[in-house]
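First the structure, in the form of structure tokens, and then the observations on it.
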């Protein structure tokens, strides 16, 4: 893409990544790496490198590991292994240019870096996002009577959000039930009966619609910004049920309470944009999608997200998980995609340059600082 003052400003901007995860701290085998760079897993006879994101890794990450652009997958993985995870993370995180990370700590089947460890590797600052399903499942695992579940969950959630550095909570209701739920707050009796069935089955994965509704309303009571996974995910999700338009009635009921952050959103970025336009509390990002489509297509996704979205409602996230390549590619795709569309509007006199630079800074950093009340907010 061509350069210009908007790209220069975005490249100089220290990003606020308002939703991401840690990186795997151990060495990765080829199979483990390939599994981490796809939502679907790698299959016999195929390679995750034979995909848009695999090509982006070889094109854009290889030079940061002292390899030529488009180095082969074998060369890339050999070099990555030779450098070791600590050096790979240092290089890629530094190149991402992210100064602040809001880290979801609720999903870690692998040993991931903590928020503090991620911040040290990147030379930045990190905060924590509490995943509420993990809190609920820990309450069940400790043992609780059905009639005591609601209070037990509330107390555990309060304890979690009072930890130093916690700035938000998150729900993966899109994975567990989808959003086509009764929007009303469930009664105490409904919660107790649902908890009875869930706990009788051994607790475990929280996927009861009544208890998910209770979780979302508990998030409102906690008073912190609520992040909601929307759209794109692994094959555990039922994509049509993760359309955020299903949240419309719930958003009416919760108006005037907490900020709601719609994460990722692809392929529903237009529905998310509509909700951000008509509900004061709604914000969105297109993280996760950006590194999967790569810098070559990030502009197209961002253009749809910004068709009607108020400029103070778009945030940056990478949703990077497991590999630092995704922290770097997410930032690269965001900067290039947003700069390209804003610069073209400036060049066609649809937007003046000061406005374009302001929009770029809002999306890349300022909007997140405001929503999460981070230091440096004016």
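For region 287-308, give me each residue that is in a loop (DSSP other than H, G, I, E, B) and out of contact with any strand residue (DSSP E or B) (no Cβ under 7 Å at 6 or more places or on another chain).
294, 307, 308
Residues are listed down the side, and each one gets a yes or a no for (1) in contact with a helix residue (DSSP H, G or I) (Cβ under 7 Å, 6 or more places away or on another chain); (2) part of a helix (DSSP H, G or I); (3) under 23 Å from residue 23 (Cα atoms):
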| residue | (1), (2), (3) |
| --- | --- |
| 325 | yes, yes, yes |
| 336 | yes, yes, no |
| 341 | yes, yes, no |
| 366 | no, yes, no |
| 375 | no, no, no |
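Name the residue, out of 160, 194, that is crowded, with 20+ Cβ neighbours inside 10 Å, free of Cβ contacts under 8 Å to residues at least 40 places away in the same chain and in contact with a strand residue (DSSP E or B) (Cβ under 7 Å, 6 or more places away or on another chain).
Answer to the selection: 160.
Which one is surrounded by the most Cβ atoms within 10 Å (Cβ to Cβ), of the residues in region 251-285 that are part of a helix (DSSP H, G or I) and in contact with a strand residue (DSSP E or B) (Cβ under 9 Å, 6 or more places away or on another chain)?
272
Which number in (1) surrounded by fewer than 16 Cβ atoms within 10 Å (Cβ to Cβ); (2) out of contact with any strand residue (DSSP E or B) (no Cβ under 9 Å at 6 or more places or on another chain) marks the one condition that residue 333 misses?
Against the list (1) surrounded by fewer than 16 Cβ atoms within 10 Å (Cβ to Cβ); (2) out of contact with any strand residue (DSSP E or B) (no Cβ under 9 Å at 6 or more places or on another chain), residue 333 comes up short only on (1).
For residue 12, indicate whether it is closer than 30 Å to residue 355 by Cβ and either touching a residue at least 40 places away in the same chain (Cβ under 8 Å) or surrounded by fewer than 15 Cβ atoms within 10 Å (Cβ to Cβ) (or both).
yes
Results for (1) on the phi < 0 side of the Ramachandran plot; (2) over 19 Å from the mean Cα position of the chain (by Cα); (3) without any contact (Cβ under 8 Å) to a residue 60 or more places away in the chain, shown as yes or no for each residue.
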site: 85; (1), (2), (3): yes, yes, no
site: 94; (1), (2), (3): yes, yes, yes
site: 110; (1), (2), (3): yes, no, no
site: 114; (1), (2), (3): yes, no, no
site: 117; (1), (2), (3): yes, no, no
site: 123; (1), (2), (3): no, yes, yes
site: 126; (1), (2), (3): yes, no, yes
site: 132; (1), (2), (3): yes, no, no
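Would you mind finding the one in 15, 77, 64 that is closer than 30 Å to residue 366 by Cα and not assigned by TED's automatic domain parsing to the domain that holds residue 359?
64
Inside region 30-40, can you point out the residues that are assigned to a loop (DSSP other than H, G, I, E, B), in contact (Cβ under 8 Å) with a residue 60 or more places away in the chain and surrounded by 12 or more Cβ atoms within 10 Å (Cβ to Cβ)?
Those that are assigned to a loop (DSSP other than H, G, I, E, B), in contact (Cβ under 8 Å) with a residue 60 or more places away in the chain and surrounded by 12 or more Cβ atoms within 10 Å (Cβ to Cβ): 37, 39.
If you check residue 167 against the conditions, is it in a helix (DSSP H, G or I), crowded, with 19+ Cβ neighbours inside 10 Å and modelled with pLDDT of 95 or more?
No: the conditions fail for residue 167.
Scan region 124-164 residue by residue and report those that are closer than 30 Å to residue 13 by Cβ and assigned to a helix (DSSP H, G or I).
If the condition is that a residue be closer than 30 Å to residue 13 by Cβ and assigned to a helix (DSSP H, G or I), then 161 is the only one that fits.
Kindly indicate whether any position in region 218-234 is touching a residue at least 12 places away in the same chain (Cβ under 8 Å), more than 19 Å from residue 129 (Cβ to Cβ) and touching a strand residue (DSSP E or B) at 6+ places or on another chain (Cβ under 8 Å).
no
Tell me yes or no: at least one residue of region 44-60 is part of a helix (DSSP H, G or I) and more than 24 Å from the chain's Cα centre (by Cα).
No, there is no match, as no residue in region 44-60 is part of a helix (DSSP H, G or I) and more than 24 Å from the chain's Cα centre (by Cα).
Given the conditions (1) touching a helix residue (DSSP H, G or I) at 6+ places or on another chain (Cβ under 7 Å); (2) surrounded by 15 or more Cβ atoms within 10 Å (Cβ to Cβ); (3) at pLDDT 95 or above, report the number of the one that residue 49 does not fulfil.
Every condition holds for residue 49 apart from (3).
The values are calculated or read from the model by the stated rules, or taken from the named source; none is laboratory data. This is a predicted model, so every value here is computed, not measured. In this analysis, Cβ positions are derived from the backbone assuming ideal geometry, glycine residues included, and neighbour counts consider all displayed protein chains.
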